[in-house]
1. Working out 0.36 nm times the residue gap between B:GLU36 and B:GLU610, then minus their Cα-Cα distance, what length gain in nm do you get to one decimal?
2. Taking N as the number of residues in segment B:1-84, what is its alpha-carbon radius of gyration divided by 2.2 N^0.38 Å?
3. Please work out the C-alpha center-to-center distance from segment B:407-455 to segment B:559-580 and express it in whole Å.
4. Sticking with the crude label model, points 7 Å out along Cα→Cβ, report the distance from B:ARG365 to A:GLU20 in nm, one decimal please.
5. Calculate the FRET efficiency for B:MET583 and B:THR345 from the Cβ-Cβ distance with a Förster distance of 45 Å, rounded to the nearest 0.05.
6. Where does the charge balance sit around B:PRO582 when Lys and Arg score +1, Asp and Glu -1, over other residues with C-beta under 10 Å from its C-beta?
7. Can you give the FRET efficiency to the nearest 0.05 for A:ASN131 and B:GLU662, using r as the Cβ-Cβ distance and R₀ = 41 Å?
8. Counting other beta carbons within 10 Å of each Cβ, put B:ILE184, B:ILE591, A:ILE134 in order, fewest first.
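Bear in mind these aren't lab numbers, they're just calculated from the coordinates by the rules spelled out. If you're wondering where the values come from, they're calculated on a predicted model, not measured in any experiment. Neighbour counts are summed over all protein chains in view; Cβ atoms, including those assigned to glycine, are modelled from backbone coordinates with ideal geometry.
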Amino acid sequence: MDNKGNDENKQYILVKVNEEQYGIDIQQVENIIKIDRITRVPKAPEFIKGVINLRGEIIPVMNLRMKFGIEEDITTADSRIIIVKVEEYEIGIIVDQVKEVIQIPTGSIEDIKDVTCEINSTYLQGVGKVNQDIVTIINLHGLIIQ
Amino acid sequence: MDMNQYMEIFIEESKEHLQILNETLLELENSPENMELLNEVFRVSHTLKGMSATMGFNKMKNLTHNMENVLSEIRNGKIAVTSNLLDVLFKCLDALEVYIDEIIKTNSEGENENEPIMKELISILADESSSSIKAEKDSVVEQSETNEEKLDLDKRLHLNIELASFEINAIREAKEKDYKLYGITVVLSEKCVLKSARSFVIFNNIEELGEIIKTNPDVQSIEDEKFDLTFSVFLLSMVDINKIKKSLSNISEVDEVFVDEILIKDQEIIQEVTNKETNEKVKEEKEDNKKKATKTVRVDIDRLDTLMNLVSELIIVKNGLESTQGNNDNGNYNESIEYLERITTSLHDAVMKVRMVPVEQVFNRFPRMIRDLSRKLDKEIILHMTGKETELDRTVIDEIGEPLIHLLRNAADHALEIPKERASKGKTKEGNIFLRAYQDGNSVVIEVQDDGRGIDVEKIKKKALEKGLVTKESAENMSKKNILELLFAPSFSTAEEITDVSGRGVGLDVVKTKIQILGGHIETDTEIGKGSIFTIRLPLTLAIIQALMINLNNEKYAIPLNTIQTIEDIEVSSIKLIQNKPMIVLRDKVIPLIKLGKVLDVEKEDKIKEHITVVIVKKGDKLAGLVVDSLIGQQEIVIKSLGTYLRKLKMIAGATILGDGEVALILDVNSLV
């Protein structure tokens, strides 16, 4: 789009994974639910924790910690599953905590490749700054479809 | 007028009509003399023309119109039914199908005029007219006088010309002044040297009779001789039709003159067509009931009645349940529960039947395909189809066509020999392909068999060795069946060379995958020199199945009941080892054991048992024993897909939601065994 002006705001859901802050584009979020029973799926990729029943639909759930290469797999009372839909893929993402909905001006997001080359950039889109804090914006398309 | 509400009906009916045309033309090829078939073709294409005209699809209308002209000449015995002719007609049908597909997608018929086909149609007519011109000439006058026969419709080109709206307005005004509109088509003699001069004379003659409002081609083109031998003129005149004819036929170098009084524009012509159509509809209705459209299901009234009755019973029982809830009469309560269960099971059956459609829907496009293939490949092929009435779940019907086309093509293209070769082998010169469908227990079997050259098992083995699919040792010990299974291996399909080895193996893995997705499996058997058979086994229904629920440690899994042979309690001490693989002997059969917990990476149960529970499952005629921790029981489960993300997983056929909302996975026995 042409009107990618600096003042155009986009809404993100601010989540925490292993003490770091991530932003997920609210446009792609379908639902946020508490963690209930997850059925393990044998032979599925390691980062797929299993499947859940979301109102009669079977939805796979991705363990973001595993995907990001964080060893320990902890879920707490704060943990949530964010249901996102990317193209025809509907999938749940486990995060440690959902904090709030934030607005970030598109212009203030720096491309991840400009920040550092040492981070795997397929899952990440860029880094945004909110109130002196930084938020890593997740690239859902890269995360799910690759 | 809002046409959208008619669009669906139009699409549905057009498809049916095309199918009828396809079938009837095929029959006609075998019995060209059969007038009844010809009439049927004629009638249906006429209906199709009327329909497309009503809907404003002029390209479709024009194509069917030209088709109809050819058909009418066949009907009049002027053109003989030949395979080449039918090729052209079939091409028309394909083109019409493309129009309809386009209409489905975009609501418009697209831009393709299909001129090559039109030209072919017209050239057929032209050939005919030049060869039988004399015979016809005598009858012309008479026929145009009676003015009710369709004979020569093709030559009355003026009937085929669209008038612009300003022209129509002019005509309307003129009609009020008692002018009549005549369509005139003049055919010049082939010997005519100065066509422009000749047409100038004709024009002068016509202009003496009235006012020319349109010519086709336009005046300029006629003056420049940019036309064949025919041109058409629209004339507003007060004179009698015969007078016009007479004055024109007297001009020399004019071969034929056709004059029609045209009542008024299209709307009325169409009206006439549609009126006829409704009359014909009544006749057709009977056949229509058999043919079903692609996306909607026409349901037998009886089936719906059963469904309805069951639902009302269900409501009664439910009411009974509600009233017994208050008092603690447990016997009554249980009775109702049981009754409720019985009813729901029947209800499910009834609903399932509604979803069932005859496999005919898929099969009926194959005769046409085989015909085309046999012409293309220069082989004589007879397709024998049986069991068209066998019913399958809608979802399966929608998906099964593609794999079957693949198998049939393979059979026609690679398996069947050319007539010469067949003759030298002492076979009939026609190759035979058998397509059979029948129900077998809880599944439907579809077989594709040919009497071609068969598959050379040794060559497959060799190829597999080259490809590194098997080791030398294992290849030696492989049974014929195992070797044939290699044909379905993915890497086998990419090997183009296999086609000149056995003619098999191209894309068979695709066929297999598709059938597996449908919950079925495919097997093949062959005898060299005699032919091969591919057997597809498909589940009757997909959405709801009976399953055995089992426990693996604390996880629950469902095994489809139709794959289960028996459930056995086995002493651990009776387990034998072959090459370190556990086996059991059951009723004189050696059955390999599969430790499900291990295969599915379930955490181990600590207990050491003396007895294990083994679920004996079958895949084709192979048996295997699945070792489970414990049984939960039989249950009716609704199959759900694992979603797009996990669809490629092996061993898991899907998931189901249990009564308490928990998700249990359904094991795919086919890929486990």
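1. Details: separation 574, 0.36 × 574 = 206.64 nm, distance 7.58 nm.
Result: 199.1 nm gained on full extension.
2. Numbers: Rg = 13.8 Å, N = 84, 2.2 N^0.38 = 11.8 Å.
The value comes to 1.17.
3. Taking the Cα centre of segment B:559-580 as reference, the centre of segment B:407-455 is 38 Å away.
4. Taking the simple label geometry, B:ARG365 and A:GLU20 are separated by 5.1 nm.
5. On the way: r = 38 Å, r/R0 = 0.84.
Computed FRET efficiency for B:MET583 and B:THR345: 0.75.
6. Details: positive: B:LYS576, B:LYS581, B:LYS595; negative: none.
In short, +3.
7. Values: r = 42 Å, r/R0 = 1.03.
Taking R0 as 41 Å, the efficiency between A:ASN131 and B:GLU662 is 0.45.
8. Values: B:ILE184 26, B:ILE591 21, A:ILE134 13.
So the ranking, lowest neighbour count to highest, is A:ILE134, B:ILE591, B:ILE184.
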